[in-house]
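Inspection log for the structure reproduced underneath, given as structure tokens.
Rule-based calculations on the coordinates, nothing more; no lab input. Note that the structure is predicted; figures quoted are calculated from it, not measured. Cβ sites come from the backbone with ideal geometry, for glycine too, and all protein chains shown count toward neighbours.
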Amino acid sequence: MGVRIDELAADLKALRRGLGVQEMAVPSVAGAAVRELCGVHAGDPAGTVRQKIIDRLRDLVDRLPASKQPLARAVFGLDNPDDAPYTTRLAQLGRVVERDTRTMQRYADAVIHRIAELACAVDEPAPLPGQFPWHTRELQVRVLLRGPQVEVFETRRVVSHQAELTEVEHAVSLAAPAPAGGPVDLSVLGIDEIAGGEVHAPRMVSAQRVAFTLRPPVPLAIGEEHAFFFRVRVPTMAPFYCCTPEFACERFTLTVNFPRDRVPSRIWRIDGELSMQAHDPTPTRETLHADNSGGVRAVFTDLHPARSYGIGWTPLD
């Protein structure tokens, strides 16, 4: 967890600048580690982003020893009725505790690192059962149907259940059958960008489903998290997108962006159905509505293996 602590501490330091959490730019400059910590999601309004960050920081500050809390509140501007900038806040507190500003800055760095450690300790998962090598903590997918090609962006954060986990198996369903015979080239199939690990052993497990092995940069310890990202670009796709996890998934956020002038007449939520029924438009399901930009978002929690979760729609003309 050391790397994650350092990453989070760096992001937290960016939040202390200027007016701290009340700085106008906070919703747009908050780093990925802070966004994950505070439960910020893509598409959250700026006010929501700010409030989530403030609420999470207040909770963490309240967990510090009482002697550290005034400094932490000053660092992030949580209590700042005079809208004082960062160095002024430290100088004001320094006069109270009889320390110069340079010393207060060292104290500030230390308390930020303490909060990062505390946050990671709070989020540290309990010992996990050994029946699966890993599970998905969070899956975020964005499907863009607005250009000449369909683009799918996926970020998957997994949690290891094993010591020295070196491989994570992944599979993607394709819009059309892959060419028969010969080695499997992921770029030919439209999977043209992968980050977070090396790809090994791509193989077709059915006519329209390709599997491959992702190897993280370093082996993962029990309870350690790691994120993979990939992009798929294909000419077309079926009128639905689903996640059908092999192992448990804690949270799945799916956003589908339709052309603003071609929003389907019917959009629905697919929630825990058998995979063979997921693409069937007949069953009665919860209706979803696109926003003014043509986007539709659905969030699923506690996904069960071998069940399908996602969004379906009437085919675009």
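Listed values, structure above:
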item	result
Neighbour-count order for R233, R262, fewest beta carbons within 10 angstrom listed first	R262, R233
Order of H304, H113 under a 10 Å beta carbon neighbour criterion, fewest first	H304, H113
Amide H partners (placed H, <5 Å) of I191, local residues excluded	R233
Average Cα contact separation per residue, region 134-313, under 8 Å, 6 or more apart, as relative contact order %	27
Over region 2-123, relative contact order from alpha-carbon pairs under 8 Å, at least 6 apart, %	34
³J(HN,Hα) computed for each position of region 186-198 - Karplus, 6.51 cos²θ - 1.76 cosθ + 1.60, integer Hz, glycine/proline x	4, 5, 5, 7, x, 8, 10, 8, 9, 9, x, x, 8
Relative contact order computed over the chain (Cα-Cα under 8 Å; 6+ residues apart), in percent	15
Beta bridges by DSSP in the chain, antiparallel share as percent, to the nearest 5	90
Unit charges at the beta carbon, dipole of region 134-313: most positive-side option, P283, Y309, V158	P283
Dipole of the chain [Lys/Arg +1, Asp/Glu -1 at C-beta], most positive-end residue of F212, A171, A32	A32
Label corresponding to volume of the Cα convex hull per residue in Å³ when calculated from the structure given, among (i) 157; (ii) 200; (iii) 190	(i)
In order through region 19-36: 3J(HN,Hα) via Karplus (6.51 cos²θ - 1.76 cosθ + 1.60), integer Hz, x for Gly, Pro	8, x, 5, 8, 4, 4, 7, 3, x, 8, 9, 4, x, 4, 5, 5, 4, 5
Cα-based equivalent ellipsoid of region 1-140: semi-axis lengths in Å, sorted from largest, via gyration tensor	29, 18, 11
Using θ = phi - 60° and Karplus 6.51 cos²θ - 1.76 cosθ + 1.60, couplings along region 65-78 (whole Hz; Gly, Pro as x)	x, 4, 5, 8, 5, x, 5, 4, 5, 5, 4, 8, x, 5
Percent antiparallel among DSSP beta bridges (both partners in region 134-313, rounded to 5)	90
Amide H contacts of G223 (H built 1.01 Å from N, under 5 Å, at least 5 apart or other chain)	S160, H161, Q162
Given charges at beta-carbon only (K, R positive; D, E negative), |dipole| of the chain in Debye	620
Angle between the chain longest axis and helix 46-62 axis [Cα atoms, degrees, rounded to 10]	60
Computed [θ] at 222 nm, helices only, for the chain once each DSSP H run of length n ≥ 4 contributes -39500 (n - 2.57)	-8000 deg cm²/dmol
Segment Q149-V29, length gained on full extension (0.36 nm per residue, minus Cα span)	40.2 nm
Helix 2-14 vs. the chain, principal-axis angle (Cα, 0 to 90°, nearest 10)	60
Over region 134-313: Rg over Rh, Cα atoms, Kirkwood Rh	0.96
Percent of alpha-carbon pairs separated by more than 14 Å within region 185-263	75
G295 long-range amide H proximity, modeled H, under 5 Å	F258
